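This report concerns only the one structure given below.
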Amino acid sequence: DLTCQIDKVEFKHERDRFLKKEEAQAALAASKPGPHSIASVERKPFEQQPNPPFDLTSLQVEAYRQFKFAPTQTLEMAQTLYEQSMISYPRTSSQKLPAKLNLGKIVQALSKQIEYAPLCQQLISAQRFKPAEGKKEDPAHPAIHPTGQSCAVGDREQKLYDLIVRRFLACMAPPAQRESAKVKAKCGPEIYVTSGSRTTTPGWFEFYKPYVKLEEVTLPAWKEGQSVTATDFTQTDKMTQPPKRLT
């Protein structure tokens, strides 16, 4: 692999990997003297839709990812929340919230809980009560959702409840607006590439904080044809790895 740094951003040679060491060394030697410039800048806006509401499996996966709760623990805590009338029946495979649940009424009830009031008011003001839904259905039970009621529970149960509420509110929020960028730099005759993405309008990300896990890479405002200085050219030798075994 050949890499370099431009304005503290790592670029990688467009060939990705060289199979012959001599070819890599020749490309590296040709790159260093320059001249160095930005060959092209490609930016594309795109929308990122909200995640669907939780079914039991996706709740268990997300609770492990966020809190390292084991699946059995998540089910036990969800059952406790259900018995306290704080959430719907957790043993469901549905990712759908039918209109008969009266989602607007649930959001109104959640708005009385201080930590969710600002988010609920945004949905109420915009009358956004149509959820983003997944494909999975369960004729017996809807997706896991809060009821609007609250009571005192343990810290771990409260964490799970917060995750469920924020996922529920986020699925009715607007899409996030993001932008991807791909930049090519010309170093002598060689081309190096970097890419990044950034959020321009948070949309539902604001509702699902702090559980949104994104890699934000905001690139400098380079222009095509701009002269730059590439430094720290590096050649890394890597052995070909066998494919991973199935888990």
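Please give the Cα centre distance for segment 44-81 versus segment 138-214, rounded to the nearest Å.
Using only Cα atoms to place each centre, the spacing works out to 12 Å.
If R₀ is 25 angstrom, what is the calculated FRET efficiency for the pair A70 and K213, using the beta carbon separation as r and rounding to 0.05?
About 0.80, to the nearest 0.05.
Report ³J(HN,Hα) in whole Hz for each residue of segment 191-203, in order, from the Karplus equation J = 6.51 cos²θ - 1.76 cosθ + 1.60 where θ = phi - 60°; Gly and Pro get x.
With coefficients 6.51, -1.76 and 1.60, one gets 10, 10, 10, 9, 9, x, 8, 9, 8, 9, 9, x, x Hz.
Could you tell me the calculated FRET efficiency between R245 and D16, based on Cβ-Cβ distance and R0 = 35 angstrom, to the nearest 0.05?
Here the calculated transfer efficiency is 0.90.
Hey, what do the phi angles of segment 22-29 turn into as Karplus ³J(HN,Hα) couplings, whole Hz, using 6.51/-1.76/1.60 and θ = phi - 60°, x for Gly and Pro?
Taking θ as phi minus 60°, the curve returns 5, 5, 5, 5, 5, 5, 5, 5 Hz for segment 22-29.
For the chain, with every protein chain kept in place, what is the accessible area per residue (1.4 Å probe, Å²)?
That works out to 57 Å² for each residue.
Going 7 Å from the Cα of S125 toward and past its Cβ, which residues in segment 198-218 have a backbone nitrogen under 16 Å from where you end up?
Zone members listed by number: 202-204, 206-207.
Throw me the Rg/Rh for segment 140-247, computed over C-alpha atoms with Kirkwood Rh, two decimals.
For segment 140-247, the value is 1.18.
Could you list, in their original order, any pairs among K44/K105; K32/K244; K135/K213; K44/K68 whose Cα atoms are separated by more than 30 Å?
Long pairs (Cα-Cα over 30 Å): K44/K105; K32/K244; K44/K68.
Would you please state the base-10 log of I(q)/I(0) at q = 0.09, 0.10, 0.11, 0.21 1/Å for segment 71-218, with intensities from the Debye formula using one equal scatterer on every alpha carbon?
For segment 71-218, the Cα-only Debye profile gives -0.37, -0.44, -0.51, -1.37.
Quick query: amide H of S94 versus all other amide H atoms, modeled in the peptide plane; which residues come in under 5 Å with a sequence gap of 5 or more or a different chain?
Result for S94 returns L56, D138.
Residue-wise, which Karplus ³J(HN,Hα) couplings in Hz belong to segment 78-84, taking 6.51 cos²θ - 1.76 cosθ + 1.60, θ = phi - 60°, and x for glycine or proline?
Whole-Hz 3J(HN,Hα) from phi for segment 78-84: 5, 5, 4, 4, 5, 5, 8.
Enumerate the amide H contacts of A39 below 5 Å, restricted to partners 5 or more residues apart or on another chain; note that Pro and chain-start residues carry no placed amide H.
Amide H neighbours of A39, under 5 Å, 5+ apart: K184, A185, K186, G225.
Between the DSSP loop rule and a limit of at most 15 other Cβ atoms within 10 Å, which trypsin sites (Lys or Arg not before Pro) in segment 47-128 are left?
Taking segment 47-128 and a limit of 15 other Cβ atoms within 10 Å, the loop trypsin sites (Lys or Arg not before Pro) found are K68, R91, K112.
Could you work out what % of the accessible surface of segment 74-131 is carbon and sulfur, using a 1.4 angstrom probe and leaving DNA, RNA and ligands out of the count?
In segment 74-131, the share of accessible area belonging to carbon and sulfur is 51 percent.
Could you point to the label whose value was computed as Kirkwood radius over Cα pairs in Å for the structure here, given (i) 18.7; (ii) 22.4; (iii) 21.4?
It is the value labelled (iii).
The values are calculated or read from the model by the stated rules, or taken from the named source; none is laboratory data. Everything numeric in this text was worked out from a predicted model, so none of it was measured. Every residue, glycine among them, receives a Cβ derived from its backbone with ideal geometry; neighbour counts consider all protein chains shown. Ligands, DNA and RNA are excluded from the accessible area calculation, which covers all protein heavy atoms including side chains. Shrake-Rupley method; radii C 1.70, N 1.55, O 1.52, S 1.80 Å.
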